[in-house]
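This report refers to the structure that appears directly beneath it.
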Amino acid sequence: MPLPFLTADRAFDASAEDIALPFDDHDSWRRPYRPGPWRVAAAASLLLLASFILFAGMITAFAGAVPGAAACLVLAVVVIGCALRLLRVGAWVSRHGVRRVGFFTTTTVPWNRVAGVRTVQQPVKWLGFPRTVQGQALIVLPQGGEAILPLLTDSSADFLARGEAFDRAADTVEAWGDEYRRG
């Protein structure tokens with residue numbers, strides 16, 4: 001029995017495809033896919049670790065060691081910041097361009113400087129670790145330059161063992177590129 005309310009990610013009875021709604025603002029940066037289970041699990045684990053650190057800081061503060069409690073608080077804030085940044089990692093698109101957000105760096109390429117966006121077969125990092133495997137990657141080819149690091153790979157924390165989701169996300173980014181490079 002379907003429930004008569006709207007869900008957080010799409011309207012009731014909407015198709016399972018990730019299509020942009022007509023009232024969506026194309027000027028704001030959006031991720032054309034949902035974060036994968038590996039990324040969400042890693043962030044949840046970091047947040048669980050932060051809760052233990054905060055609990056240890058509270059115990060330390062009640063014991064009277066204020067410098068130790070302050071150190072625990074600072075460490076917990078850093079771990080929470082890392083978890084939030086981990087959730088932001090990925091490819092983001094808008095009417096202005098395409099953005100590759102990494103853990104430490106962010107690269108933005110305006111659509112008028114993009115020569116092409118395409119999916120290629122190449123060695124890719126497995127879950128971001130140094131180990132590489134043969135896989136698919138979505139790359140951006142800037143005009144007059146070398147390709148930046150892959151926007152998406154099928155072995156990343158968002159798409160590992162989710163081939164259809166990778167194909168759908170790559171097609172969405174390519175469609176945004178085709179639409180906004182021309183206009």
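The values are calculated or read from the model by the stated rules, or taken from the named source; none is laboratory data. Everything numeric here is computed off the predicted structure, so don't read it as measured data. We place every Cβ from the backbone using ideal geometry, glycine too, and count neighbours over all the protein chains shown. Ligands, DNA and RNA are stripped out before the accessible areas are found, and what is left, the full protein with its side chains, is counted by its heavy atoms. Shrake-Rupley method; radii C 1.70, N 1.55, O 1.52, S 1.80 Å.
Picking from 158, 178, which residue would you name as being more than 30 Å from residue 57 (Cα to Cα), among the acidic types (Asp, Glu) and open to solvent by less than 20 Å² (accessible area, probe 1.4 Å)? Selected residue: 158, the only one of 158, 178 that is more than 30 Å from residue 57 (Cα to Cα), among the acidic types (Asp, Glu) and open to solvent by less than 20 Å² (accessible area, probe 1.4 Å). On inspection, residue 93 fails the criterion of being more than 13 Å from the chain's Cα centre (by Cα), in contact (Cβ under 8 Å) with a residue 24 or more places away in the chain and open to solvent by less than 50 Å² (accessible area, probe 1.4 Å).
So which of 80, 53 is surrounded by 15 or more Cβ atoms within 10 Å (Cβ to Cβ) and within 25 Å of residue 152 (Cα to Cα)? That would be 80, the only listed residue that is surrounded by 15 or more Cβ atoms within 10 Å (Cβ to Cβ) and within 25 Å of residue 152 (Cα to Cα).
Residues checked against (1) more than 20 Å from residue 88 (Cβ to Cβ); (2) without any contact (Cβ under 8 Å) to a residue 12 or more places away in the chain:
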{"site": "119", "(1), (2)": "yes, no"}
{"site": "136", "(1), (2)": "yes, no"}
{"site": "145", "(1), (2)": "yes, yes"}
{"site": "149", "(1), (2)": "no, no"}
{"site": "161", "(1), (2)": "yes, yes"}
{"site": "170", "(1), (2)": "no, no"}
{"site": "177", "(1), (2)": "yes, no"}
{"site": "180", "(1), (2)": "yes, no"}
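Report yes if some residue within the stretch 161-174 is in a loop (DSSP other than H, G, I, E, B) and surrounded by 17 or more Cβ atoms within 10 Å (Cβ to Cβ); otherwise report no. Yes, there is a match, as at least one residue in the stretch 161-174 is in a loop (DSSP other than H, G, I, E, B) and surrounded by 17 or more Cβ atoms within 10 Å (Cβ to Cβ).
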